Amino acid sequence: MATRTPEEVFAHHGQALGSEDLEGILADYADDAILVVQKKVYRGRDGAREVFTQLLADLPQAKWELETVFVDDVLYLEWKATGGGRKVEDGIDTFVFRDGMIRVQTVVYTVGPA
């Protein structure tokens, strides 16, 4: 089976996030993934589970607006989301992909009232 491209991985990630499929989201992360979220470090799929459980709680049934820049194995993402009476207007993530998986992700966002 061919390794997924970063674009393919992110397409699946976005689809899983949009449908709030936590297991689908986690399937895109490498076993040794590192996530740096709001200056805190999370590791592996357990760390990703913690991060996305919080994000989905912060923004339930969110509507997402994404702007992406892919360069080789890196994705720069600016995002906005509204859900559950709250919104984020300043989301910025960086992803580093390896072997068809998300290896590193940084995330910063501020949740405010919608």
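The values are calculated or read from the model by the stated rules, or taken from the named source; none is laboratory data. Keep in mind that this is a model prediction, so the values were computed, not measured. With ideal geometry, Cβ positions are generated from the backbone for all residues, glycine too; neighbour counts draw on all protein chains shown.
One table, with the values for the structure above:
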read-out	value
Long-range neighbours under 8 Å by Cβ, at least six apart or interchain, first residue at pLDDT 95 or above and of a type outside the set (K, R) within the stretch 29-43, second part of a strand (DSSP E or B) and loosely packed, with under 12 Cβ neighbours inside 10 Å	I34/V41; L35/V41
Within the stretch 37-48, tally of residues that are under 11 Å from the mean Cα position of the chain (by Cα) and either surrounded by fewer than 14 Cβ atoms within 10 Å (Cβ to Cβ) or more than 15 Å from M101 (Cα to Cα) (or both)	1
Selection count where residues are of a type in the set (G, A, S), farther than 20 Å from L26 by Cα and not in a strand (DSSP E or B), scope the stretch 55-114	3
Evaluation of L55 against (1) surrounded by fewer than 18 Cβ atoms within 10 Å (Cβ to Cβ); (2) more than 16 Å from P6 (Cβ to Cβ) (one fails), failing number	(1)
So W64, is it crowded, with 16+ Cβ neighbours inside 10 Å and either within 22 Å of A114 (Cβ to Cβ) or basic (K, R) (or both)	no
Residue satisfying condition, being more than 17 Å from V107 (Cβ to Cβ) and polar (S, T, N, Q), within set T53, T3, T68	T3
Close pairs (6 angstrom Cβ cut-off, 6 or more residues apart or separate chains): within 17 Å of R103 (Cα to Cα) in the stretch 1-25, among the hydrophobic types (A, V, I, L, M, F, W, C) and in a helix (DSSP H, G or I) anywhere	G24/A16; I25/A16; I25/L17; I25/F52
